[in-house]
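J.: Can you read through this structure? Questions will come right after.
The values are calculated or read from the model by the stated rules, or taken from the named source; none is laboratory data. This is a predicted model, so every value here is computed, not measured. Counting neighbours? That spans all protein chains shown, and the Cβs are built from the backbone with ideal geometry, glycine included.
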Amino acid sequence: MAGPLKMILALSLAGGLLQAGAPEEAAARLKADAALLTAEASRSDHGYTTLASLCDDVGPRLSGSPAYDRAVDWALKAMTDAGLRNVHKEMVMVPRWERRAEAAQVLLPARHELSLLGLGGSVPTPPGGLTADVVVVGSAEELAAMKDEDVKGRIVLFEMPFTGYGPMVRYRFSGPSMAARKGAAAMLLRSIASLSFDTPHTGVTHYDEGVPKIPAACVSVENAQMMRRMWARHERIQVHLEMNCETLPDVPAANVVGELVGSGSPGEVVLVGGHLDSWDVGQGAQDDGVGCILALESAYLIHRAGLKPRRTVRVVFFANEENGNRGGEGYRDQHRAELPGHVAAFETDSGNGLAQGFTLELHAPAGGPEPDKARSLALLRTLGPVLEPLGAGRLDLGHSGVDVEPSVLAGVPGVGVRHDVTHYWEVHHSRADTFDKVNAADLKRNAAILAVAVWGVAELDGRF
Ligand SMILES: [Zn+2]
């Protein structure tokens, strides 16, 4: 089927036509606008230099820290400088966890300094640390099968190969309580990473109600494999672990919001966001500095190209994705009355690998009708002709993003950016997540893709 004919058919299937005029005209206009945005992206270094400033001048920015407050000030200026209007912050209360000094050594069978990062939210060790023998397990089932007396008072190390983030993150989140139920004194986890140069990868952990809270940390893949080899040789593994982290009372933080106000339907909002907070190591470049910058660039490029969106494009930098999601929840609560006017909420939070497409997530609002997913997907796919030439034509149903999820579960259509994550897990949540790993050409391409998609949805006649 010829391109234009296919598009007309898709448009009529979707039950929605692009704004005004015949479908051919609308399609031609969208194609011309996409060309403008792509050209603007290719000649601009704005995104790359803005990300460098976030990474270098603000640095790591765990929410609840003074660095996060600096990030908020930085973001207010960056949005204003990019030409956004109504730039402001929206307060939310966030957890405050401080890492402080931490270290661990293998004492037996030979001394080794371990490369370690405490997990976010972990309790500290007793002052002076704890010394205990290590039990190495490869799964929850393996741990459950052990006698309690063989685990009691010991340090449980979960050591399993990287098979993807999903299968392993459950151990980072629930591992401490799994180990504590068997009487363990602490939990160590092989870092969730697809490549390692002795770099540990942190992330948030959690304690189940009614189970003792034990210190929890990740060690580098190399360290975990070494202890696995010692275990396989039936050697006694003794480790000294000291962590001085602390959870303090919640503190105020903020989401940062700016807009291109819609020229025709300003009450209809196309949200595009990432999370401003990062872990407290590295620079939060891929996670999720890039996401914030791409969200900002999508609006900046529309503005620079001289295009005026019919609907409001609202850029949101969310607080506290990493250890609480209070930013996403706060946005939903503070904007509850206008959520029905949200046409879509885009989120990009999986690094700077080339975007291959988008995933649409739909839920019924409380007490509302079930969404017509097939109709909505067909409507999204009307953007295929302008996204396919950019390599981003994979448009399917799927997950959108953690920050927008509270709003999406309340009925706002969520749109996730489907990045190539081949290299994302190499740096994610580690000291290696720094600006130098961000490819400038890929950033330009991703900015063009997101700008075209956001523009397309802002102009669509019809809603998901
Ligand atoms: Zn993230």
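J.: Consider the range 346-358. How many of its residues are more than 16 Å from the ligand (Cβ to nearest atom) and in contact with a Leu (Cβ under 7 Å, 6 or more places away or on another chain)? I'd like the intermediate steps shown before the answer.
T.: Step one: list which residues in the range 346-358 are more than 16 Å from the ligand (Cβ to nearest atom), which gives 354, 356-358.
Of the ones still in play, those that are also in contact with a Leu (Cβ under 7 Å, 6 or more places away or on another chain) are 357-358.
Here the count works out to 2.
J.: Turning to a different aspect of this structure: Please state which of the following conditions Asp198 fails to meet, knowing it meets all the rest: (1) in contact (Cβ under 8 Å) with a residue 40 or more places away in the chain; (2) surrounded by fewer than 17 Cβ atoms within 10 Å (Cβ to Cβ); (3) of a type in the set (D, E, K, R); (4) assigned to a helix (DSSP H, G or I).
T.: (4) is the only condition that Asp198 fails.
J.: Shifting gears a bit: Which condition number does Trp74 fail, the rest of (1) surrounded by 24 or more Cβ atoms within 10 Å (Cβ to Cβ); (2) assigned to a helix (DSSP H, G or I) being met?
T.: The failed condition is (1).
J.: From the list Gly164, Gly64, Gly83, pick out the single residue that is touching a helix residue (DSSP H, G or I) at 6+ places or on another chain (Cβ under 6 Å) and either over 30 Å from Tyr300 (Cβ atoms) or modelled with pLDDT of 95 or more (or both).
T.: Values: Gly164 fails: touching a helix residue (DSSP H, G or I) at 6+ places or on another chain (Cβ under 6 Å); Gly64 fails: touching a helix residue (DSSP H, G or I) at 6+ places or on another chain (Cβ under 6 Å).
Residue meeting the stated conditions: Gly83.
Here's the yes/no breakdown for (1) under 21 Å from Tyr48 (Cα atoms); (2) within 16 Å of the ligand (Cβ to nearest atom); (3) without any contact (Cβ under 8 Å) to a residue 24 or more places away in the chain; (4) assigned to a helix (DSSP H, G or I):
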site	(1), (2), (3), (4)
Gly262	no, no, no, no
Val272	yes, yes, no, no
Asp288	yes, yes, no, yes
Gly291	yes, yes, no, yes
Leu294	yes, yes, no, yes
His303	yes, no, no, yes
Thr312	no, no, no, no
Leu339	no, no, no, yes
Leu360	no, no, no, no
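J.: Right, here's the next one. Considering only residues that are hydrophobic (A, V, I, L, M, F, W, C) and assigned to a loop (DSSP other than H, G, I, E, B), look in the range 387-436 and name the one that is nearest to the ligand (Cβ to nearest atom). First the steps, then the outcome.
T.: Step one: filter the range 387-436 for residues hydrophobic (A, V, I, L, M, F, W, C), giving 387, 390, 392, 395, 397, 402, 404, 408-410, 412, 415, 417, 421, 425, 427, 432, 435.
This time we only want the ones that are assigned to a loop (DSSP other than H, G, I, E, B), so: 392, 402, 404, 410, 412, 421, 432.
On the way: Ala392: 20, Val402: 7, Val404: 12, Ala410: 21, Val412: 19, Val421: 12, Ala432: 15 Å.
Looking at residues that are hydrophobic (A, V, I, L, M, F, W, C) and assigned to a loop (DSSP other than H, G, I, E, B), I get Val402.
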